[in-house]
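Peer 1: Here you go, one structure.
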Amino acid sequence: MASASPRRQEYFRLLGLPFTVVSSPVDESFDPRADVHAVVNDLALKKVTAVRDLLASRGETPPWICGADTLVALDGVMYGKPLDKADARRMIGELQGKTHEVVSALALCNNRANCFDCRSVSSEVTFAPLSEAEIEWYLDSTEYRDAAGAYKIQGLAACFVTAIHGSYSSIVGLPLHTFYVMLRENGYQYGA
């Protein structure tokens, strides 16, 4: 798994998939004028490729490598992970009271077949209007750290969500149904 995300690890455990975490040394910066789907697909593929190359340099070739990336988008602006609390305050302030898009991409490397598969899933999340005090209360939890759009829907930020359209697991960071289908279509045999 080319991700150190605890949430993604929980989903791997849920599926009963054996895994080893190998963090990818990939720069996650992006061109803010690019298409959000292109950006997340590119980042997920870069993570998988970097881990594949790193393991190959050690003489290791695991049968599968999975990487993922998630970004939030609102009115053509993409939101990655906040730089600090002030950046998180800006992000939550811009997202509050609006519907935004959450796009998660999965990249899968099947080393046996020497092939890559990459897919992205888009979902919509609507936040209630928030007061400055509510935003500060949320930021004091430090939950915003290392989270696209400065929030984690599976945590305290769920208090702000009035509607979801799409895949909850994708908003968390790993679209389970898409991942399940990708593995099956690429030759992974469940229960074998």
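The values are calculated or read from the model by the stated rules, or taken from the named source; none is laboratory data. Keep in mind the model is a prediction, meaning the values are calculated, not measured. Neighbour counts run over all protein chains shown; Cβ positions are idealised from the backbone, glycine included.
Peer 1: Could you grab me the full set of residues in the range 152-166 that are in contact (Cβ under 8 Å) with a residue 60 or more places away in the chain and either surrounded by 14 or more Cβ atoms within 10 Å (Cβ to Cβ) or assigned to a helix (DSSP H, G or I) (or both)?
Peer 2: Once the filter is applied, which keeps residues that are in contact (Cβ under 8 Å) with a residue 60 or more places away in the chain and either surrounded by 14 or more Cβ atoms within 10 Å (Cβ to Cβ) or assigned to a helix (DSSP H, G or I) (or both), the range 152-166 yields LYS152, GLN154, PHE160, GLY166.
Peer 1: Something else now. Can you tell me which residue among ARG7, ARG13, ARG52 is within 20 Å of ALA150 (Cβ to Cβ) and not in a loop (DSSP other than H, G, I, E, B)? Show your work before the answer.
Peer 2: Working: ARG13 fails: within 20 Å of ALA150 (Cβ to Cβ); ARG52 fails: within 20 Å of ALA150 (Cβ to Cβ).
Only one candidate qualifies: ARG7.
Peer 1: Let me ask another. Is it fair to say GLY59 is modelled with pLDDT under 95, closer than 23 Å to GLY166 by Cβ and over 17 Å from the mean Cα position of the chain (by Cα)? So that I can check it myself, show each step before the final result.
Peer 2: Working: modelled with pLDDT under 95: yes; closer than 23 Å to GLY166 by Cβ: no; over 17 Å from the mean Cα position of the chain (by Cα): yes.
No.
Peer 1: Quick check on THR20: is it polar (S, T, N, Q), crowded, with 17+ Cβ neighbours inside 10 Å and more than 15 Å from ALA148 (Cβ to Cβ)? Steps first, please.
Peer 2: Working: polar (S, T, N, Q): yes; crowded, with 17+ Cβ neighbours inside 10 Å: no; more than 15 Å from ALA148 (Cβ to Cβ): yes.
The answer is no for THR20.
Peer 1: Now a separate question. What are the residues in the range 69-83 that are exposed (fewer than 15 other Cβ atoms within 10 Å of the Cβ) and either within 19 Å of the chain's Cα centre (by Cα) or touching a residue at least 24 places away in the same chain (Cβ under 8 Å) (or both), if any?
Peer 2: From the range 69-83, those exposed (fewer than 15 other Cβ atoms within 10 Å of the Cβ) are 75-77, 83; that's our starting set.
Residues satisfying the conditions are GLY76, VAL77, LEU83.
Peer 1: Within the range 102-121, work out how many residues are surrounded by fewer than 19 Cβ atoms within 10 Å (Cβ to Cβ) and modelled with pLDDT of 95 or more.
Peer 2: Just the residues of the range 102-121 that are surrounded by fewer than 19 Cβ atoms within 10 Å (Cβ to Cβ), to begin with: 110-119.
Imposing the further condition that a residue be modelled with pLDDT of 95 or more reduces the set to 117-119.
The total comes to 3.
Peer 1: On to the next question. Any residue at all in the range 46-55 that is within 30 Å of ALA163 (Cβ to Cβ), buried (at least 17 other Cβ atoms within 10 Å of the Cβ) and either small (Gly, Ala, Ser) or modelled with pLDDT of 95 or more (or both)?
Peer 2: At the first step, the residues of the range 46-55 found to be within 30 Å of ALA163 (Cβ to Cβ) are none.
There is no residue in the range 46-55 that is within 30 Å of ALA163 (Cβ to Cβ), buried (at least 17 other Cβ atoms within 10 Å of the Cβ) and either small (Gly, Ala, Ser) or modelled with pLDDT of 95 or more (or both).
Peer 1: Same structure again: Name every residue in the range 24-49 that is of a type in the set (Gly, Ala, Ser) and either under 15 Å from GLY173 (Cβ atoms) or in a helix (DSSP H, G or I) (or both), in order of residue number. Walk me through it before giving the result.
Peer 2: Taking the range 24-49 first, the residues of a type in the set (Gly, Ala, Ser) are 24, 29, 34, 38, 44.
Across the range 24-49, the qualifying residues are SER24, ALA38, ALA44.
Peer 1: So which of GLU134, GLU124 is assigned to a strand (DSSP E or B), among the acidic types (Asp, Glu) and farther than 18 Å from LYS81 by Cβ? So that I can check it myself, show each step before the final result.
Peer 2: Values: GLU134 fails: assigned to a strand (DSSP E or B).
It is GLU124.
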